[in-house]
Amino acid sequence: MEKVFDSKPLLKKRKGVSKKVMPWLLLAPSIVFYLLFWLFPVIAGTYESFTDAEGHFTFMNYVYIFRDAEFGTAILNTALFVVISVLVQYVLAMILALILNMKFKFNKLLLFIVMIPMAITPTAVAIIWKTGLRETGWINSILTAMSISQDTIAWLEADGLSAILMLVSIDTWTVLPSTVIIILAGLQNLNNEFKEAGAIFGASKWQITKDIVIPILKPSIITSLLLRMIAAAQMWVLVVMVLGYNALPFMVERIAYYVEFVPNAPNAEKMAYAMSIIVAIIVFITSVIYYKVAKRNSVMEANDAE
Amino acid sequence: MQNKKKYAFLKKLTPLNVLIVLFMAMVVLSIIVPLLYFVTVAFSSVNEISQFPMKMFPSFNVEVQVTYISDPEDPNFTKYRVQVKEGDSFEPAFTSRNSLEIEEYFERYLSVRKSGDEFLEDFEVTKTQGTTVFKYAKDPWYNFKAFFNLTVNGVQSLVNSILVSLMTILISVSLGSCAGYAIARYKFKGREKVNMMLLIVRMFPIVAISLPMAILLIRFNLFDSLIGLAIIYSIPNIALTSWITSGIFSGINPELEEASCVFGASKVQTFFKITLPMTFPAIAASSMYAFSTAWNDTITALILTNRNSTLALAVYKAIGSGTSDIQFAAAGSIILILPALVFTFIMRKYINQMWGASAIK
């Protein structure tokens, strides 16, 4: 007990576990879990994707998918959806967060209202908008009541880009709150001294936002953006429940389609496996590229600042 | 001084302020209006749901206009013509003398539960009084009851959803926070690799895991079981929890823990008395994400269950990709939303703290 003040070895020695082993002991449950319930299914799935209905080795599952005319459309639609939705959501969220960060009377109430869609389950969101987008739905009801349009609009028959934009709007409706919260939390924790310093040096409000607030928020935005992109790339419930299967192909919608819609063809399940692998690879490559670019930009900006 | 400053922003009528107020009004409307209509749909009868334009607010009464039709040639002939109020006018609905027929129409299309004989008794007055308007109270829970009657194991699916969510929270928070602690507190070989792996795990679509997982679960006799579902839902959430908690753990000064040890607390005591309370926001936020994965999922439940469905799946199945009976599905969704709403608002402030902390870092 002589070395009371050298507390680091004390922490370590208490249980007699060395510093090298301890982290792995703590990680062990997660690692075992992932080996068993993640790696095993992934390997099994990859294996399945290369077999035919009789269990023989084949590339045909992939060939069928690549030949499918819907495949290219699904990739394109997903890419458009991810890019547009993430852009729209982050710009809107940024504006909303900046407004909510100002001190005014109904600030708290507004935040509360903005939060609500966050708690609404995707299936429920799909139902809300499906009741709206039907020809006799509430969107057309409002438009007629406000006499904006005389004829009812067949929203659900939209296709191509307009259908994607429709889904982006619905997705934005649900996702915006969580994005606003992330940015707002960053803003509220932002040290006011930075802003005051900027103001003293004569920076305008816009300059303070652009040159001080946004760069400080950047790390948390980069990470949350990546998680958002991964989630957006896997969107499927909305499109299936609002527009139905096959109306507007998306990557994960294809998997669900193979699983649920054509369940009795033995080939369909194998194709679902193959499609899963393809989706995982695409998402992985995109994430890595995004991460590298985002990191490099941060480094470059840091260098510019110097 | 401070107070004056606080509200100064709204008092000045600059173009920017007007723009901001208009923007916020738009945002609030676009959130509230869909929800209002949604609640209305959940309380609508078949008759109301087919009306256009739709009503924005739910109604709990229905007005019908009944006319007595007699045939002078045949004294035994009596019939009632029933018209239902839609907007400002009464639209023809049906003509009948049969108490069962009347009862069925009122229940099926107007959500009014009453025996047919009572209707006939009410309608007697029209013989002397001529056309009369009656007002009946709708059964407000009609669609909710119908949802649970139509779905197989409706109530059980609600219980299942709650249990699966709790199990998911338990698994992902206990495993994930241990991993998060290891990553934050120890510098060890392969730390970066572990971090990277945790991100990769999230990239694999959960559907893709669910399919081969079925094989594994059948082997372990866990197919169609709640724990099987909870295991899958934990996959992305263990990674997320460890990521969230490691951020918080590295923000806590280790000297605090050391001080506690110096004062004679064991490592376990230190963890529960010092470290855990400080990480509570991170754990609360992680549980919220775990909860929403388990509560919201449909596709995994679709693949991995037969009879043990979850509530979200029940709602999905009630409508699928079709349009019929959307009011029952809407009623089911309301039940699906309520617990999530409560949970989200309890946990909200902790997410706030968490993202704030990671922004500072």
Checklist entry - Can you give the calculated 222 nm mean residue ellipticity of chain B, where each DSSP H run of n ≥ 4 adds -39,500 (n - 2.57) and the sum is split over every residue, rounded to the nearest 500 deg cm²/dmol? => result -22000 deg cm²/dmol
Next on the checklist: Using the Karplus curve 6.51 cos²θ - 1.76 cosθ + 1.60 with θ = phi - 60°, what ³J(HN,Hα) values do you get for each residue of region B:281-287, in whole Hz, with x for Gly and Pro?
Outcome noted: x, 5, 5, 4, 5, 4, 5
Checklist outcome for this item: Hydrodynamic radius by Kirkwood for the protein assembly as shown, inverse mean 1/r across distinct Cα pairs, in Å, is 28.2 Å
Item to check | Spin-label pair A:TRP24/B:SER225, simplified geometry with 7 Å Cα→Cβ offset, distance in nm | outcome: 3.1 nm
Item to check | Set A:LYS108/A:LYS195; A:LYS19/A:LYS218; A:LYS108/A:LYS210; A:LYS130/B:LYS349; B:LYS138/B:LYS317; B:LYS79/B:LYS138 screened for pairs whose C-alpha atoms are more than 28 Å apart | outcome: A:LYS19/A:LYS218; A:LYS130/B:LYS349
Checklist outcome for this item: Kirkwood-based Rg/Rh on the Cα set of region B:61-139 evaluates to 0.95
Checklist entry - Among B:SER250, B:SER111, B:SER266, which one moves the most in a GNM of chain B with springs linking Cα atoms closer than 10 Å? => result B:SER266
Next on the checklist: Can you tell me what percent of all Cα-Cα pairs in region A:50-106 are more than 12 Å apart?
Outcome noted: 76 percent
Next on the checklist: Could you give each residue of region A:24-40 its phi-based ³J(HN,Hα) in whole Hz, using Karplus coefficients 6.51, -1.76, 1.60 with θ = phi - 60°, and x for Gly or Pro?
Outcome noted: 5, 4, 5, 7, 3, x, 5, 5, 4, 4, 6, 4, 6, 9, 10, 5, 4
Checklist entry - Can you work out the FRET efficiency for the pair B:MET196 and B:ARG81, with r the C-beta to C-beta distance and R0 = 60 Å, to the nearest 0.05? => result 0.20
Checklist entry - Which FRET efficiency value, to the nearest 0.05, do you get for B:PHE280 and A:VAL262 by plugging their Cβ-Cβ distance into 1/(1 + (r/R0)^6) with R0 = 41 Å? => result 0.30
Checklist outcome for this item: Sorting B:PHE188, B:VAL27, B:SER242 by the position of each Cα along the dipole of chain B (Lys, Arg +1; Asp, Glu -1; all at Cβ), the one nearest the positive end of that ordering is B:PHE188
Checklist entry - Label points 7 Å out from Cα along the Cβ direction at A:GLU54 and B:LYS114: separation in nm? => result 7.0 nm
Next on the checklist: Run the paramagnetic zone check for B:SER50: 7 angstrom along Cα to Cβ, then residues of region B:79-106 with backbone nitrogen under 11 Å.
Outcome noted: B:93-94
Checklist entry - Using r as the Cβ-Cβ distance of A:LYS210 and A:ASN107, and R0 as 35 Å, what FRET efficiency do you calculate, to the nearest 0.05? => result 0.90
Item to check | Helix-only mean residue ellipticity at 222 nm for chain A, each DSSP H run of n ≥ 4 adding -39500 (n - 2.57), per residue, nearest 500 | outcome: -23000 deg cm²/dmol
Next on the checklist: Based on alpha-carbon atoms only, what is the radius of gyration of region A:69-305 relative to the globular estimate 2.2 N^0.38 Å?
Outcome noted: 1.20
Checklist outcome for this item: In nm, the gap between the two label points placed 7 Å beyond Cα toward Cβ at B:ASN253 and A:ILE200 is 2.6 nm
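Every number here is computed from the coordinates shown, using simple stated rules; none is lab data. Note that the coordinates shown come from a computational prediction; the quantities given were computed from them, not determined experimentally. Don't worry about glycine lacking a Cβ; one is built from the backbone with ideal geometry, like all the others, and counts go over all protein chains shown.
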